[in-house]
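Asks: Sending over a structure as structure tokens; questions will come in a sec.
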Amino acid sequence: MRTTSIFTLGAVLLATTSTLSAETLRWARSGDALTLDPHAQNEGPTHTIRHQMYEPLIIRDVSGAFEPALATDWAPSADDPNVWVFNLREGVTFHEGAAFTAEDVIFSFERAKQPNSDMKELIGSITEVRAVDDYTIEIVTDGPNPILPSNLTNLFMMDKDWTEANDTVNVQDFEGGEITFATTNANGTGPYILESREPDVKTVMVRNDNYWGIDQFPMEVTEIVYTPIQNAATRVAAMLSGEIDFLQDMPVQDLARVNDAEGLVVKQAPQNRVIFFGMNLGADDIEADNIDGANPLADVRVRQAMSMAINRDAIQQVVMRGQSQPAGMIAPPFVNGWTAEMDAESSTDVDGAKALLAEAGYADGFSLRLDCPNDRYVNDEAICQAAVGMLGQIGVTVNLDSKPKAQHFPLITDGQTDFYMLGWGVPTYDSEYIFNFLVHGRESDIGTWNGTGFDNDELDAKIASLSSNTDLEARNADIADIWRVVQDEQLYIPIHHQVLNWGMAENVGIEVDPEDQPKIKYFTMN
Amino acid sequence: MTDLPDHTAPKLAEKSRLRAFLDSDIFFAFKRSPIAVVSTIVVTVLVLSAIFAPLLATTNPFDSASLNLMNGFTAPMAPNAFTGETFLLGTDDQGRDVFSTILYGMRISLFVGVAAVLFAMVLGITLGLIAGYLGGWVETIIMRIADVQLTFPSILVAMLIFGVAKGITPIEYRDQMAIWVLIIAIGLSDWVQFARVVRGATLVEKRKEYVEAARLIGRKPYAIMLKHILPNVLSPVLVIATISLALAIIAEATLSFLGVGAPPTQPSLGTLIRIGQGFLFSGEWWILLFPALTLLTLALSVNLLGDWLRDALNPRLR
């Protein structure tokens, strides 16, 4: 009798554990999310972490196509060309229990338009968001905006009452070093709930069993343990020893080693991200150079010479081991406005570069400082180091200052660097996004990542007109014109388009998405 | 004619000093110890090759403009696939010749090590002498500071000092200052050993009759400390200095390995090991192995020499 009951108990336990089998995904990459505040930083890894906990109205699925998230469907209004109508998903609750309604959407859009928000460029054309009823909203733009939905895929929805109760109605002042409740806490509608977070050490999330899409998506991972590991060798060692199931930012030199290891695979895809250098051409004199009273970077010939000094093929072959595509423009090939001709416009010509420098009056060269991140892009520091050598060959002496991205990015957004590395992914798949952030003159709500000081009113007007231009052909012609100016001015020095490599244990089932933005709800574990 | 004897006198004295050294117990013990002889030869060769690095090295690895990136990751003694160039110990990820970089890197490691030990020595001896000779509250303050510092691992103290110094130097001068900051950071983390030993020896010496005599004829305290006590406490200092040198070289390598020491464009041995460590899994072993072997050989021989010196100067072991 007693033996049977023990057997029964054992059988019951076995049955329960197999149906509720806990699957932990141990996930690592080189750096951490900069903040959890949904609107404070428009940065890839930061969005990636938020996507597990918060949701926008629309997301992109693994293939990059739109998929309904908190909105079930959307369409331009039949009555007014300046209005988009979104139907919201009903029966959705935030992690802390409150129901998701139109009020939260309106609040989130208002919050994302605040001065401290880093998302305001994406919704600059929106003049009003109004509720028709609890589950229908209308978004009014300052002109017809055919590509509005693609600007909303990283715009996360917050619980209005929660922010008010926790004093985080205002977006965190990231550059000012402010820390708010929303920086370290999260209350979204997303598939995973924040369990604990130690910035730069470990973030743990558990499955949201009340998630609206729990039956629609695999959702096989019950717990996510996210560990940033800055050192590339340590990262790979962790993967090889089985401490990690899923690895982003795979060092290019270790692809073969990981792929050959038993139980591990590497999946590859071209990434929607271009790496480039920016130069401060707007200042009268720059701080960290040896030329007083003048700014050598203000001369387009100097900028062209610097671009010509960079041997992109050598960087591709040696530093990137083939895992990149040399670039001639700062748009990834996925983006509307990219052309193969412009992307082939960069060439290496050391003698020509020297001649151009001499023509500009800098035959003896000059010196300046290069600010470089060391935990953000694939081999970022090694690329900068190689560039230092190549620029040295034309007489431009570069002092390299590399540091973690959390210290690097504020230099760009605060305008405190004269020469810097930046990478740009384009979630909207359209050039307007690049222009709004990187080409438009810097103002409070636009051009915030334009560290070049470039400011051309005529061009700015053209950029501003893109969002409301419904004639796609004319719009594309404008985009081509703007790119022509960017190219001729050598506003940036393009380096390459990244190739994406994800390492994973064999039981992890996911395909690489070009935005490097894994959404764990799509993962299978078997 | 009269100044001829004056002229030859120092020469004679020098000769006899060398004679005296060759006849001394120390040199006798030295000749009898193969470890001491071998370590001395190794250290001498390494130091000389570091000093004459510009003559021995085939390239100048600190001149970024002279590097050809296409030479990157060339294996030792094998021609590069793109440029056809061959390198004795191969090249690193930036196309730097590993052999030349080791020579130049060793220069930085040795310079930082020696300078840091000298700095620690001067500081430690001064404070130790003052504490031991003056006693009282001066001694209490100095030695309690030393005790507190001893409770922290010295590498932690060095990192703290380095971090603070990096924070207050303007970015433009950071690269040039990095080496000096390293020296001060390592030196400041290491003075305690010297101070404790010198204080202990001073306490013993100051009660001896020659010190009493010097005090009676009215010599000033600083003269007594420098001219009378110091020469008599120097032999343990010499031993500590040698062992400290090995530790300082390793401390510098550790800091650079952690990425807080020498800048990547002017790599020391520690920086080279940090770079090489990223390519261990991918099979480019030479970037790590050769700098690591050099560091090992250097630190080991200096350490062995220090050990031998300690035994040789210890009368109880003779």
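Asks: Is the C-alpha gyration tensor of the protein assembly as shown telling us rounded, prolate or oblate? Criteria: a/c under 1.5 is rounded; beyond that, a/b larger than b/c is prolate, otherwise oblate.
Replies: Prolate shape, in that a/c is at least 1.5 and a/b is the bigger ratio.
Asks: Follow-up question, since we're still on this one. Going by C-beta contacts inside 10 Å, put A:364, A:299, B:93 in order with the fewest on the left.
Replies: Listing A:364, A:299, B:93 from fewest to most nearby Cβ atoms yields A:364, A:299, B:93.
Asks: Starting from the amide H of residue A:336, placed 1.01 Å from N in the peptide plane, find each other amide H under 5 Å away whose residue is 5 or more places distant or on another chain.
Replies: A:430, A:431
Asks: Same structure, new question: Identify all lysines with a Cα-Cα distance to residue B:227 below 23 Å; exclude those on the same chain that are fewer than 8 residues away in sequence.
Replies: Partners found: B:206, B:208.
Asks: Same structure, new question: List A:513, A:245, A:215, A:173 from most exposed to least, where exposure is judged by having the fewest other Cβ atoms within 10 Å.
Replies: A:215, A:173, A:513, A:245
Asks: Here's something else I'd like to know. If you look for lysine pairs in chain A that are eight or more places apart or on different chains, how many of them have Cα atoms under 26 Å apart?
Replies: The result is 19.
Asks: Which net charge results when you count Lys and Arg as +1 and Asp and Glu as -1 among the other residues whose beta-carbon is under 11 Å from that of residue A:202?
Replies: So the environment of residue A:202 carries a net charge of -2.
Asks: Follow-up question, since we're still on this one. How big is the antiparallel share of DSSP beta bridges in the protein assembly as shown, given as a percent to the nearest 5?
Replies: 75 percent
Asks: Can you give the FRET efficiency to the nearest 0.05 for residue A:198 and residue A:458, using r as the Cβ-Cβ distance and R₀ = 41 Å?
Replies: Approximately 0.25, to the nearest 0.05.
Asks: Now, a different point. Compute the distance in nm between two label points, each set 7 Å from the Cα along the Cα-to-Cβ direction, one at residue A:287 and one at residue B:35.
Replies: Between residue A:287 and residue B:35, the label points sit 5.4 nm apart.
Asks: Right, something else. Mind sorting A:362, B:173 by how few other Cβ atoms lie within 10 Å of their own Cβ, fewest first?
Replies: The fewest-first ordering by Cβ neighbours comes to B:173, A:362.
Asks: Using a Gaussian network model on chain B with a 10 Å cutoff between Cα atoms, which of B:82, B:52, B:162 fluctuates the most?
Replies: Among B:82, B:52, B:162, the largest GNM mean-square fluctuation belongs to B:82.
Asks: Something else: Helix hunt in chain B: which complete DSSP H runs extend at least 30 Å axially by C-alpha with mean Kyte-Doolittle at least -0.5?
Replies: Sorted by number, the helices that extend far enough and score high enough are B:98-134, B:230-257, B:286-313.
Asks: Take residue A:206, project a point 7 Å from its Cα along the Cβ direction, then tell me which residues of the range A:87-105 have their backbone nitrogen under 16 Å from it.
Replies: Residues passing the 16 Å test: A:95-97.
Asks: Taking R0 as 30 Å, what's the FRET efficiency between residue B:118 and residue B:207 from their Cβ-Cβ distance, rounded to 0.05?
Replies: That pair, residue B:118 with residue B:207, gives E of 0.50.
Asks: At what distance in nm do the modelled label points of residue B:174 and residue A:445 sit from each other, each positioned 7 Å from its Cα along Cα→Cβ?
Replies: Going by the 7 Å Cα→Cβ label model, 3.6 nm.
Asks: Once R0 is set to 30 Å, what does the formula 1/(1 + (r/R0)^6) return for the Cβ-Cβ distance between residue A:93 and residue A:234, expressed as a FRET efficiency to the nearest 0.05?
Replies: Efficiency, rounded to the nearest 0.05: 0.15.
Asks: Can you compute the modelled spin-label distance between residue A:472 and residue B:137, with each label point 7 Å from Cα toward Cβ, in nm?
Replies: 8.6 nm
No lab work stands behind these numbers, since they all come straight from the coordinates. These figures come from a predicted structure and were not determined experimentally. Glycine also receives a Cβ, built like all others from the backbone with ideal geometry; neighbour counts cover every protein chain displayed.
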